[in-house]
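All remarks here apply to the structure that follows.
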Amino acid sequence: MTPITLTGTTLPLTGLTAIADGAPVMLGRAGIARMRAGEHALSEALGRGDGIYGTTSMVGAFKDSGVADDDRPKYALRLLRSHLLGTGAWLPRRLVRAAMATRLNTLLTGHTGAGIHLAESLAALLNAGITPAVPEYGSIGCADVGLMSHIGASLLGEGVAFGPDGGTPLPAATLLARSGLRPMVPGPKDVMSVLSSNALGVAGVALVTADLRARLPLLLHVFVLGAAGFGAFGIPWETARQTGMEAESRVARFLQGLTRPGDWTPRRNLQDPLSFRCMPQIAGALVVALDRVEATLAHSLAHADDNPVLLDGRAMTSGASLPLALAVDAQALVIALCHYARSALGRILALCREDLSGLPRNLTLDPGRQVAFGAATKLAADLTTAILRESTPASLYQIPVANGFEDEASYLPSVARALGLQTTLLSPLIALEAMAGRQAIHLSGARPTDGPGALLTELQCDVPLLDDSGAVSDAVHRTEAVLDRFAARFTAAPPAEFRFPPPPSFQESAHA
């Protein structure tokens, strides 16, 4: 795989996902120079006798307790081990790799005071395919100290990690030795720089955001299948293109590009149920939420969120360890996904209602003898309800810790976990929408063309119609596989409507 050069200035989501999926990394020269300057500034500050949180002092409720110069190396180890507190299942390896890359890129800003050997050690782990085993629970999102500590342990040859081939975690010391690497000897602020980062929460949101943006075209292709089978009007798309918000116009243009006159004939008077009529607004809200998250991520992925930070040669107290803006934007994305899921359920149910669709009840191929989608709607309802349950704003549920001294938190890892669960559940829900749209097209005689027509052909080849002759769950899994393959074609060349930010030429003509 092509190496990704980390600069400490920007880190596009395409680069982050490539590293998560195994791409090696290189350290940019300018970033290395900034780190060396920051390390020198830290040394001078220590030489002046400046107080530096977590280096010359302990942390949290014990911030007033000093650390003697000769005790500093041992204190750093105690600090790390006292924060090895994660529990639960291991986080996915690609998430941990993305977190390591995030921390590495923000180290290269030069504002952490960490030594260049910390950056080199993180890069060496990534390039050797050694991934620290990090448990799922242990962070409230004001620096992921209880989880980042497990990455720090692997750097020092402690704890367990996954090798290049995955499998069962092995002692980190064993994996380092196999790769010809030595445990890192931490400098004055290196352990604190590993701990004092929200890299896991940031990386979790980033990976889900990248995945959702890549799947936007697929979601709308599936919608068009349902619209064709339902006989929905395309007029609301033109209304949104001309008068809607910029994101609504982007969605409307994309929908218009997927259809041709004569693909299907509307079957009702004037207008359709809102889940069909309002797709530019529903998907537009999802686009707005994605754009907001990605804009905030652009900052989070290229700025040190440490406390303290090194600025102008001084170690300065910082509140950047609270990534509240990203947590709030990510929670808006959680809600936008809830709305999209609810609308998908609405379309599935509308297609199954003979009084709304004009098609046989539950899209049965043999009325009175087959259940068809009758029971499948329960799965759709369960999936949607589970997605909606994740809408609780986790960032509001803060419990003061550190003897009341740390009384704010973002719970960003919890928000990232909610987004991850939502996207997992959205996959079978959209598969059910595709299955219902495909069956409705079969019954109605609609003939979608272009992209939706190609998707329909793939579904017809790989997935049987629901006629009670096989397990619904098997059909759902096969449909998910088809949709995954279809979505992959947009990864390398995403439509202009859904790039971030959209091309200037598109923005200028959005309301033409």
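The values are calculated or read from the model by the stated rules, or taken from the named source; none is laboratory data. Everything quoted here is computed from the prediction, not taken from an experiment. Note that we place each Cβ from the backbone using ideal geometry, even for glycine, and neighbour counts take in every protein chain shown. For accessibility, only protein heavy atoms count, side chains too; no ligands or nucleic acids. Shrake-Rupley method; radii C 1.70, N 1.55, O 1.52, S 1.80 Å.
With each pseudo-label sitting 7 Å past Cα toward Cβ, what's the SER469-LEU421 distance in nm, one decimal? Once both label points are built, they end up 3.9 nm from each other. With a Förster radius of 25 Å applied to the C-beta separation of PHE62 and MET316, the computed FRET efficiency comes to 0.75.
So what's the chain giving for Cα Rg divided by 2.2 N^0.38 Å, two decimals? Let's see the in-between values first.
Numbers: Rg = 25.9 Å, N = 512, 2.2 N^0.38 = 23.5 Å.
In units of the globular-protein estimate, the chain measures up at 1.10.
Spin-label model, THR174/ARG267: points 7 Å from Cα along the beta carbon direction are separated by 6.2 nm. Counting only protein heavy atoms and a probe of 1.4 Å, the accessible surface of the chain is 57% carbon and sulfur.
Out of every Cα-Cα pair that the range 284-425 contains, those further apart than 17 angstrom amount to 70 percent. Taken over the C-alpha atoms, the range 268-348 has Rg and Dmax values of 19.6, 71 angstrom.
Treating r as the C-beta distance of THR9 and GLU246 and R0 as 22 Å, the FRET efficiency rounds to 0.20. Mean silhouette area of the range 34-187, derived from the convex hull of its C-alpha atoms and averaged over all directions, reads 9.1 nm².
For ARG94 and GLN460 in the same chain, what is the full-extension length gain: residue separation times 0.36 nm, less their Cα-Cα distance, in nm?
128.4 nm
Projected over every direction and averaged, the convex hull enclosing the alpha-carbon atoms of the range 127-286 yields 14.3 nm². Multiplying the residue separation of GLN398 and ASP69 by 0.36 nm and subtracting their alpha-carbon distance yields 114.9 nm. Between HIS40 and LYS378, the contour length at 0.36 nm per residue exceeds the Cα-Cα span by 115.4 nm. Two tests apply to each whole DSSP H helix in the chain, Cα reach of 30 Å or more along its axis and mean Kyte-Doolittle hydropathy of at least -0.5, and the ones passing both are 199-230, 279-300, 324-352, 412-444. Among beta bridges from DSSP that stay inside the chain, the antiparallel ones total about 80%.
Probing with 1.4 Å while keeping every protein chain in the model, the per residue accessible area of the chain equals 41 Å².
Shape summary of the range 170-226, radius of gyration then Dmax from alpha carbon positions: 20.5, 60 Å. A simple packing score, the average count of other Cβ atoms within 10 Å per residue, orders the peptides 48-59, 336-347 as 336-347, 48-59, with the highest score first. Taking amide H positions as modeled 1.01 Å from N, with prolines and chain starts lacking one, no residue 5 or more places away or on another chain lies under 5 Å from TRP90.
Using the Cβ-Cβ distance between LEU356 and ASP484 with R0 = 35 Å, the FRET efficiency computed as 1/(1 + (r/R0)^6) comes to roughly 0.70.
Relative contact order for the chain: 18 percent, from Cα pairs under 8 Å spaced at least 6 residues apart, divided by residue count.
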